[in-house]
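Read through the structure below, which is laid out as structure tokens, and then see the notes.
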Amino acid sequence: MSNTSRRNFLQKAGLAAASFYIVPRHVLGKGYTAPSDKLNIMGVGGGGKGYSDIMNSYNKGAENIVAIVDVDDRQIVRIKKDLPKANYYRDFRAALDKEGSNVDAVIVSTPDHTHATIAMEAMRRKKHVYVQKPLTHDIYEARLLGEKAREMQVVTQMGNQGSSGDGVRQMMEWFDGGAIGKVKEVYVWTNRPVWPQGIPYPAAGTPAPAELDWDLWLGPAKYREYNPALLPFKWRGWWDYGTGALGDMGCHLLDPPFKVLGIRDAIDVECSVGSVFLQDWTPEYIPQGCPPSSMVTLHYGPSKKNNSPVKLTWFDGGLRAPHPDGIPSSEIIGDPDGSNGVILIGSKGIMTCGTYGMYPKVFRNGARVDESELPKASLARVKGGDGGHNTQWVEACKAGFGNMEVSSPFDYAAPFTESVLMGNLAIRSYMLREGEGRNAKFTGRQKLEWDAKNMRITNFDAANQFVKREYRNGWTL
């Protein structure tokens, strides 16, 4: 063979050999996923709920976790063992700068007060986002995140996993089929708080541990000294960081009535809250913290699905809704232990459920209706139900914006969160006062009328300070 012929032969042989590496997936074997078919994910918040969000989205290696961000090294010990190939960062901004070109999507599972700043920065870089409930810390943030998601055309999902559950869809089918008629009244309750709440702010005084970047943990919140009583779970009861019982469970328990009835913006809101007395005649005054219990009432106008005004009442801190006359007295409503529940009172019957829309039931004429007598299934189910909430978002990200529905996109989750946080606005307004002690005048204890379009309380201007908080210097939305 001449040298020229030999060179030609080797070139053709090399090309032929190389071509064997570019083959369809099915040739490589069942279950094989090409690297190009994996979603590259960054997780912000690696402990607690962040761990489960990341691992559910990772789906045993079906996707790729590029980076994990957490301000507290103690919170990521477990996930570092499970995902040793991921890169680790403390600052989400540095992580996005360094890993941005390698990341398709970002999971935000941090304390409530940092959700918006992280999610907004990710969306600015055109990353798909999954954000734990509540979507944001205040109403203004929710409005802006919803607008930014539409502008950037990214796939979004709020982490209220019950929105993907079978129970919510079953309730929608029953209602749409006329099982309970028009609904005029809704009751919802939770046993939260299950953390210290309604107490004076705990004393600080110890330096932050070396494993924690306290300044980054504070994020946009005003500066306070490190306080070990806040981390890792007890921040929920303090307004600078958490959103109380409503923020913790509202997005889970209010989702079924919102989806079933198609309601959106509240017309007005009012509340009353529990008091703690450590001295005679004078209740503790703790405006920086959530109260031990509350009852919030919101009114909604008729919707396309439910042609009737709706009065929705929320209870927390051990308060419960009254047992309706149309349900047998011995019947447990909501969760099996009664800790959380939802009641929709209609013109023809009553429908109930527990957390995530689980344990749905219909009652008519004082008795429970057998499911065989109720409208049949007609809505598509999410694979894995509430357990498939993360993977539904992942698949939608890979399909691309607008090509696949998700259960709680920001187009739904943002206005829904606004409505949930209306309750907190009312609670904080309820605590506004002039003067001190027994002679104090509580000026905000009234029904607050809401202009949803302009995000304003129209009859008590002082309440509008709780629509949008002030960010610390160096932080913007």
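The values are calculated or read from the model by the stated rules, or taken from the named source; none is laboratory data. Computed from a prediction, not measured in an experiment: that's the story for all the values here. All Cβ positions, even for glycine, are placed from backbone atoms using ideal geometry, and neighbour counts span all protein chains on display. Please note that ligands, DNA and RNA were not included when accessible areas were found on the heavy atoms of the full protein model with its side chains. Shrake-Rupley method; radii C 1.70, N 1.55, O 1.52, S 1.80 Å.
Structure notes:
- Global form of region 294-403, assessed from the alpha-carbon gyration tensor, a/c cut-off 1.5: prolate
- Lys126, Lys98, Lys49, reordered so the largest accessible area comes first (probe 1.4 Å): Lys98, Lys126, Lys49
- Placing +1 on the Cβ of every Lys and Arg and -1 on the Cβ of every Asp and Glu, with nothing else charged, gives the chain a dipole about its Cα centre of roughly 1500 debye.
- Estimated dipole of region 70-120 in Debye, rounded to 20 [Cβ of Lys and Arg +1, of Asp and Glu -1, Cα centre]: 240 debye
- Cα gyration tensor shape of region 340-477, rounded if a/c is under 1.5, else prolate or oblate by comparing a/b with b/c: oblate
- Here the sum of -39500 (n - 2.57) over DSSP H runs of 4 or more residues, divided by the residues of the chain, equals -8000 deg cm²/dmol at 222 nm, to the nearest 500.
- Put simply, the amide H of Thr110, placed in the peptide plane, has neighbours under 5 Å in Gln132, leaving out anything fewer than 5 places away on its chain.
- Lys/Arg +1, Asp/Glu -1 at C-beta; region 314-467 dipole; positive extreme among Asn439, Ser378, Pro324: Asn439
- Rounded to the nearest whole Hz, the Karplus-based 3J(HN,Hα) values (6.51 cos²θ - 1.76 cosθ + 1.60, θ = phi - 60°) of region 332-344 follow the sequence 7, 9, x, 5, x, 9, x, 5, 9, x, 9, 10, 10, with x at glycine and proline.
- Crossing angle, helix 3-19 versus the chain [Cα axis fit, 0-90 degrees, rounded to tens]: 20 degrees
- Surface composition of region 188-236: carbon and sulfur atoms hold 57% of the protein heavy-atom accessible area at a 1.4 Å probe.
- Simple rule: put +1 on each Lys or Arg Cβ and -1 on each Asp or Glu Cβ in the chain, find the dipole, and look at Met42, Pro302, Gly198; the Cα lying farthest toward the positive end is Met42.
- Around the Cα centre of region 428-477, unit charges on the Cβ atoms of Lys, Arg, Asp and Glu (plus for the first two, minus for the last two) sum to a dipole of about 140 debye.
- The Cα atoms of the chain give a gyration tensor whose axes a ≥ b ≥ c have a/c of 1.5 or more with a/b no greater than b/c, which makes the shape oblate.
- In terms of distances greater than 20 angstrom between alpha carbons, the cross-link table entries Lys376/Lys398; Lys311/Lys376; Lys60/Lys127; Lys85/Lys126; Lys259/Lys361 yield Lys376/Lys398; Lys311/Lys376; Lys60/Lys127; Lys85/Lys126.
- Heavy-atom surface analysis with a 1.4 Å probe gives region 414-463 a carbon and sulfur content of 39 percent of its accessible area.
- Each Cα pair under 8 Å and six or more residues apart adds its separation to the average, and for the chain the resulting relative contact order is 20 percent.
- Looking at the chain alone, DSSP beta bridges between its own residues are antiparallel in about 60 percent of cases.
- Solvent-accessible area per residue in the chain equals 46 Å², computed with a 1.4 angstrom probe and all protein chains kept.
- Rounded to the nearest whole Hz, the Karplus-based 3J(HN,Hα) values (6.51 cos²θ - 1.76 cosθ + 1.60, θ = phi - 60°) of region 137-146 follow the sequence 8, 9, 5, 4, 4, 4, 4, 5, 5, x, with x at glycine and proline.
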